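This report concerns only the one structure given below.
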Amino acid sequence: MTTSSHAILGVAQDHSLLSRAKALGAGMGLTPMEMDANALRLGSLPVNADGDTVASVYEYAASKRQEALDAVPPPPGEDPAAVTDAHLVYALSRLQADLHKDDPSA
């Protein structure tokens with residue numbers, strides 16, 4: 001599988017992933033300095049016999065995560081289909097009426 005430079009950079013810049021790799025590497029005798037010096041190389045290393053790399057599986061996972069995020073609707077306050085302008089105008093007219101009920105000029 002071809003690994004993109006973008007995916008390799010993603011691996012090298014993902015603090016959580018690198019922290020996990022450092023923890024596992026420490027158990028294998030790799031020093032934090034060695035891990036830091038090889039963060040870019042880590043992305044291009046194989047993860048299985050099929051030719052997948054750390055970066056290719058990272059890129060796949062990132063794309064699946066983005067698909068899931070894209071499917072999440074916006075917060076209700078930002079979604080005019082959830083709380084419509086008509087809902088707000090109706091509620092505001094009630095508020096206006098309540099606030100000005102004793103005002104004879106209203």
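Structure notes:
- Treating each Cα of the range 16-59 as one equal point scatterer and applying the Debye formula with no solvent, the log10 of I(q)/I(0) at q = 0.26, 0.28, 0.29 Å⁻¹ comes out as -0.96, -1.04, -1.07.
- Karplus-based coupling profile of the range 91-99, in residue order and whole Hz: 5, 5, 5, 5, 4, 4, 4, 5, 6, with θ = phi - 60° in 6.51 cos²θ - 1.76 cosθ + 1.60 and x standing for Gly or Pro.
- Unit charges on C-beta of K, R, D, E only; dipole of the range 1-80, Debye: 320 debye
- In degrees, nearest ten, helix 15-27 long axis to first principal axis of the chain (Cα): 30 degrees
- Dmax and Rg, reported as Rg then Dmax, of the chain (C-alpha, Å): 26.4, 83
- Placed amide H near Asp52: partners under 5 Å, 5+ positions off or other chain: Val47
- Based on DSSP H segments of at least four residues, each scored -39500 (n - 2.57), the chain has a per-residue ellipticity at 222 nm of -19000 deg cm²/dmol.
- Acute angle (nearest 10 degrees) that the helix 54-71 long axis makes with the longest principal axis of the chain, alpha-carbon atoms: 10 degrees
- The largest accessible area among Ser105, Ser4, Ser16, Ser56 belongs to the first residue in Ser105, Ser16, Ser4, Ser56, and the rest follow in falling order (1.4 Å probe, all chains).
The values are calculated or read from the model by the stated rules, or taken from the named source; none is laboratory data. This structure is a prediction, so every number in the text was calculated from the model and none was measured. A quick note on method: Cβ atoms are made from the backbone with ideal geometry, for glycine too, and the neighbour counts reach across all protein chains shown. When the accessible area is computed, the model is the full protein with side chains, heavy atoms only, and any ligands, DNA or RNA have been set aside. Shrake-Rupley method; radii C 1.70, N 1.55, O 1.52, S 1.80 Å.
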